[in-house]
1. When you scan region 23-64, how many residues do you find that are touching a residue at least 40 places away in the same chain (Cβ under 8 Å) and touching a strand residue (DSSP E or B) at 6+ places or on another chain (Cβ under 8 Å)?
2. Of all residues in region 34-64, how many are under 9 Å from Asn22 (Cβ atoms) and over 11 Å from the mean Cα position of the chain (by Cα)?
3. Which condition number in (1) in contact with a Phe, Trp or Tyr (Cβ under 8 Å, 6 or more places away or on another chain); (2) at pLDDT below 90; (3) assigned to a helix (DSSP H, G or I); (4) not small (Gly, Ala, Ser) is the one that Leu54 fails?
Amino acid sequence: MDTLQIENNRNKHHSRQRVCQNCGEYVTKQFVRVFGTNDGSLYGCMNCSTGRELRNGGGKRPSQ
């Protein structure tokens, strides 16, 4: 039973860290590492931004 509780806590932590702050879409750890900020925040993903916007740093700043 203790192992199940640890798994649930770990999944909650990961899902909170791996979502786009703009639209709430799930993103991978690698996507956040490449397109997000140094603290792990991500403000744009392929669901709400274009590839060009992301390459130009659009995932690192909040949309206006």
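The values are calculated or read from the model by the stated rules, or taken from the named source; none is laboratory data. Just so it is clear, the model here is predicted, and its values are computed rather than measured. All Cβ positions, even for glycine, are placed from backbone atoms using ideal geometry, and neighbour counts span all protein chains on display.
1. Taking region 23-64 and keeping what is touching a residue at least 40 places away in the same chain (Cβ under 8 Å), we get 62-63.
Narrowing the set further to residues that are touching a strand residue (DSSP E or B) at 6+ places or on another chain (Cβ under 8 Å) leaves none.
Of the residues in region 23-64, 0 are touching a residue at least 40 places away in the same chain (Cβ under 8 Å) and touching a strand residue (DSSP E or B) at 6+ places or on another chain (Cβ under 8 Å).
2. The qualifying residues number 5.
3. Of the numbered conditions (1) in contact with a Phe, Trp or Tyr (Cβ under 8 Å, 6 or more places away or on another chain); (2) at pLDDT below 90; (3) assigned to a helix (DSSP H, G or I); (4) not small (Gly, Ala, Ser), the odd one out for Leu54 is (2).
Condition check ((1) of a type in the set (Gly, Ala, Ser); (2) modelled with pLDDT under 95; (3) touching a helix residue (DSSP H, G or I) at 6+ places or on another chain (Cβ under 9 Å)) across all residues:
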residue: Lys12; (1), (2), (3): no, yes, no
residue: Ser15; (1), (2), (3): yes, yes, no
residue: Asn22; (1), (2), (3): no, yes, yes
residue: Val27; (1), (2), (3): no, no, yes
residue: Thr37; (1), (2), (3): no, yes, yes
residue: Ser41; (1), (2), (3): yes, yes, yes
residue: Gly59; (1), (2), (3): yes, yes, yes
residue: Gln64; (1), (2), (3): no, yes, no
